[in-house]
């Protein structure tokens, strides 16, 4: 290095370098250094872990999703804040709680009730619950938060399956949550819409049942405009009821999300999946979100866990940009 002033690398620049490095270090924060650090203001979002996959077992699927919530959260904590929306992202994350990892007993109905009470508490406080499942039995527990608070809600599910099967021997499971919500005596489920369905995995009667209570969209027909139109239709109808978003990772192509309860050989692209999460996060009427069916036991190099963490990251970024 030249010691002469002038040019690009004199003594003054050399002496300033440590200061620059310090500034860069303070801006190179990870989420775990920011999350929940503002305890004086209102909580904007609450992270909830629901480590249950008993519903998957009852439904005849491959278990392992119970281990997902903690792994998703740990990966999320390693991510940085968005460089172009750093300030807004930081403000939001400072008002996001560390995850409340619920204890699941294996009694699916009781565990769902417990989740519902936790979600209800967040909704009452004006916080957006962000739930990391778990099998898709998570979704009915999620819905029970609205039933508990007597809040009408529209359910939007991004999924390869309709999940409107009847109970099995009186037991709820990962394939029954939306039938349970639709039939719930509280009547809080205003509509049920599912997008991303694989026709080879959907029974005709289930498709008809969904269309009687909302709308079913096959994967081949799912575009970003489909999602945008869903929210536009609610606005055009002056519908102010909140939307409960649930995203089942098995909607994503197996090559990009191998670690799921039910792998999908012809699912949607992971980039499109993340775009949906971000867009929905930005919508003011999306009041809660859950992510389900990640199965670390069948993952490859944490590929699906990483995608799941990014899904939550993008949803929270959308929430920050509302």
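The values are calculated or read from the model by the stated rules, or taken from the named source; none is laboratory data. Model, not experiment: these values are computed from the prediction. So basically every Cβ, Gly included, is an ideal-geometry build from the backbone, and we count neighbours across all protein chains shown.
So, of the residues in the stretch 67-90 that are part of a helix (DSSP H, G or I) and out of contact with any helix residue (DSSP H, G or I) (no Cβ under 7 Å at 6 or more places or on another chain), which turns out to be farthest from residue 311 (Cα to Cα)?
87
So, in the stretch 143-171, exactly how many residues are surrounded by fewer than 24 Cβ atoms within 10 Å (Cβ to Cβ), out of contact with any strand residue (DSSP E or B) (no Cβ under 9 Å at 6 or more places or on another chain) and under 23 Å from residue 122 (Cβ atoms)?
Total meeting the criteria: 3.
Give the residues of the stretch 70-85 that are more than 17 Å from residue 48 (Cβ to Cβ) and either surrounded by fewer than 20 Cβ atoms within 10 Å (Cβ to Cβ) or without any contact (Cβ under 8 Å) to a residue 24 or more places away in the chain (or both), sorted by residue number.
78, 79, 80, 82, 83, 84, 85
Among the candidates 221, 239, 233, 248, which residue alone is at pLDDT below 95 and under 19 Å from residue 279 (Cβ atoms)?
Unique residue meeting the criteria: 239.
Please pick out the residue among 97, 127 that is at negative phi and at pLDDT below 95.
The match here is 97.
Within the stretch 26-42, can one find any residue that is outside any loop (DSSP other than H, G, I, E, B), modelled with pLDDT under 95 and out of contact with any helix residue (DSSP H, G or I) (no Cβ under 9 Å at 6 or more places or on another chain)?
yes
Per-residue answers, yes or no, for (1) under 27 Å from residue 42 (Cβ atoms); (2) modelled with pLDDT of 95 or more; (3) within 14 Å of the chain's Cα centre (by Cα):
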| residue | (1), (2), (3) |
| --- | --- |
| 66 | no, yes, no |
| 85 | yes, yes, no |
| 93 | yes, yes, no |
| 110 | no, yes, no |
| 133 | yes, yes, yes |
| 145 | yes, yes, no |
| 148 | yes, yes, no |
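What is the one condition in (1) within 29 Å of residue 284 (Cα to Cα); (2) touching a helix residue (DSSP H, G or I) at 6+ places or on another chain (Cβ under 8 Å); (3) without any contact (Cβ under 8 Å) to a residue 60 or more places away in the chain; (4) in a loop (DSSP other than H, G, I, E, B) that residue 256 does not satisfy?
(1)
Between residues in the stretch 153-173 that are at positive phi and touching a residue at least 12 places away in the same chain (Cβ under 8 Å) and residues that are surrounded by 24 or more Cβ atoms within 10 Å (Cβ to Cβ) and in a loop (DSSP other than H, G, I, E, B), which pairs lie under 7 Å by C-beta distance while being six or more apart or on different chains?
163/136; 163/175; 163/176
Taking the stretch 174-214, which residues are surrounded by 19 or more Cβ atoms within 10 Å (Cβ to Cβ), more than 21 Å from residue 144 (Cβ to Cβ) and either within 21 Å of the chain's Cα centre (by Cα) or without any contact (Cβ under 8 Å) to a residue 24 or more places away in the chain (or both)?
Result: 195, 196, 197, 198.
How many residues are on the phi > 0 side of the Ramachandran plot and either in contact with a helix residue (DSSP H, G or I) (Cβ under 8 Å, 6 or more places away or on another chain) or modelled with pLDDT under 95 (or both) if we restrict to the stretch 264-322?
Going through the stretch 264-322, the residues on the phi > 0 side of the Ramachandran plot turn out to be 293, 301-302.
So of that shortlist, the ones also either in contact with a helix residue (DSSP H, G or I) (Cβ under 8 Å, 6 or more places away or on another chain) or modelled with pLDDT under 95 (or both) come out as 293, 302.
Looking only at that region, the number is 2.
Residues of the stretch 260-290 being in a loop (DSSP other than H, G, I, E, B) and touching a strand residue (DSSP E or B) at 6+ places or on another chain (Cβ under 6 Å), which ones?
Correct list: 267, 285.
Out of the residues in the stretch 179-218 meeting the condition of being part of a helix (DSSP H, G or I) and touching a helix residue (DSSP H, G or I) at 6+ places or on another chain (Cβ under 7 Å), tell me which one is nearest to residue 109 (Cα to Cα).
Looking at the filtered set, the residue picked out is 180.
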